[in-house]
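Worksheet: the structure to be examined is printed underneath.
Where a number appears in this text, it was derived from the coordinates with a stated rule and is not lab data. Treat the numbers as computed from the prediction; the structure is a model and nothing was measured. Every residue, glycine as well, gets a Cβ built from its backbone with ideal geometry; the counts of neighbours run over all protein chains shown.
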Amino acid sequence: MVDLGCGPGSFHYESYTCQIIGIDLTVSRRAPRAHVSFVQANSSQIPLASNSVDAVVSHHTLEHFGDFRTTLGEVNRILKDDGLIWIAIPNGYGFDDTLYRFVFSGGGHINRFSRDQLVEEVHRLTRFRLIQEVDLFSSFIYLKKPTAEEYQFYPRTARFLFHIPDGTSTTGILVMNAATRLIDKLFGSRVSQYGWGFVFAADSVSLTPLHRPYFNVCSNCGSGIPAIRLRNQGQLKQFCGVGFYRCPHCRKLNAFVAPPAGCD
């Protein structure tokens, strides 16, 4: 499995036993593992043999690539005929991406996608077809106070986040998550939606259905948590009529809003 634009890892590597190759312009400093390796490379020139990879993950990265069409061509080249592509992208015309572009002006998202545009581009530039998709909801994780190391890579418009007191930063993100989800429940809107996740594969490939969209997403690590799991494990707490839970993965406090129909 290849993780494109991986950073320190775009998903929980520890949950998988397959061989994982993380590719990024900057090689991760994470301690090496037997099944994980990192390669410093550009996504438009992937240093792997043709027809050698079982799956490619582009997890919230395609909107950052300067030449995403060439990247898709490279993905098509390295994948086996029965390979899989996972692509997660923001809705380039939604509230979340608009806010991100305002805060991170001068860097970050350089490609703006609609759902249909992304699907059309993948169909045109690869031999794989859309077989599954799921809506993704935002955690507004990009508003989190950066570390001193992260701060140096932030554009000037976003550096104010570093100077916000810790408590104020955490509270602000909790309020943002709760408010946008309450608006969605009351008015049937999608203000809190980040974008979509897609699985592309050959027409002959058959997969079990994806889970329904996770409405509550951790604002610290970005993990989606199904509401029924939080309820069954007794992790939901109430304070002044407002729901809270601690993320099972990172233990950070999050606001909870009961999901609308069609979401978990």
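Would you tally the net charge around residue 190, using a Cβ to Cβ cut-off of less than 15 Å, leaving residue 190 out, and scoring K and R as +1, D and E as -1?
-1
So if I place +1 on the C-beta of Lys and Arg and -1 on the C-beta of Asp and Glu, and nothing else carries charge, what would the dipole magnitude of the range 1-82 be about its Cα centre? I want it in debye, nearest 20.
240 debye
Rank-order 124-132, 79-87, 192-200 by packing density, defined as the average count of other C-beta atoms within 10 Å over each peptide's residues, highest first.
My ranking of the peptides, most packed first, is 192-200, 79-87, 124-132.
By DSSP, what percent of the beta bridges with both residues in the chain are antiparallel, rounded to the nearest 5?
If I count the DSSP bridges inside the chain, around 60 percent turn out antiparallel.
Helix 115-125: angle to the longest alpha-carbon principal axis of the chain, degrees 0 to 90, nearest 10?
10 degrees
For the chain, build the charge dipole from Cβ charges (+1 Lys, Arg; -1 Asp, Glu) around the Cα centre, then report which of 240, 202, 92 sits farthest towards its positive end.
Among 240, 202, 92, the one farthest towards the positive end of the dipole of the chain is 240.
Between the alpha-carbon centers of the range 71-126 and the range 197-232, tell me the distance in whole angstrom.
18 Å
Report, ordered by chain and residue number, the lysines lying within cross-link reach of residue 185, taken as a straight Cα distance under 22 Å and ignoring same-chain residues fewer than 8 apart.
Cross-link targets: 237.
Based solely on its DSSP helices, what 222 nm [θ] is calculated for the chain when runs of n ≥ 4 H residues each add -39,500 (n - 2.57) and the sum is averaged over all residues, nearest 500 deg cm²/dmol?
-7000 deg cm²/dmol
Could you sort 3-10, 243-250 so that the peptide with the highest average Cβ count within 10 Å comes first and the rest follow in order?
Highest-to-lowest ranking by the protection proxy: 3-10, 243-250.
Once a ≥ b ≥ c are taken as the square roots of the eigenvalues of the Cα gyration tensor of the range 7-129, is the result rounded (a/c under 1.5), prolate (a/b larger than b/c) or oblate (a/b not larger than b/c)?
oblate
Can you tally the net charge around residue 260? Count Lys and Arg as +1, Asp and Glu as -1, for every other residue whose Cβ sits under 15 Å from the Cβ of residue 260.
+1
What angle do you read, to the nearest 10 degrees and between 0 and 90, between the alpha-carbon axis of helix 166-187 and the longest principal axis of the chain?
Rounded to the nearest ten degrees, it is 90.
Shape call for the range 113-196 from the C-alpha gyration tensor, a ≥ b ≥ c root eigenvalues: rounded (a/c under 1.5), prolate (a/b greater than b/c) or oblate?
It comes out oblate by the Cα gyration axes.
Hey, what angle do you get for helix 68-78 against the long axis of the chain, alpha-carbon based, 0 to 90 degrees rounded to 10?
The helix 68-78 is inclined about 60 degrees to the chain.
In debye to the nearest 20, how big a dipole does the range 158-264 give about its Cα centre with +1 on each Lys and Arg Cβ and -1 on each Asp and Glu Cβ?
That gives the range 158-264 a dipole magnitude of about 300 debye.
Would you mind working out the magnitude of the charge dipole of the chain relative to its Cα centre, with +1 at each Lys and Arg C-beta and -1 at each Asp and Glu C-beta, to the nearest 20 Debye?
With Lys and Arg at +1 and Asp and Glu at -1, about 800 debye.
By the scheme Lys and Arg +1, Asp and Glu -1, what is the net charge of all other residues having a beta-carbon under 11 Å from that of residue 236?
That works out to +4.
Normalising by the residue count of the chain, find the relative contact order in percent from Cα pairs under 8 Å and 6+ residues apart.
16 percent
For the chain, count all C-alpha to C-alpha pairs, find those more than 36 Å apart, and express that count as a whole percent of the total.
14 percent
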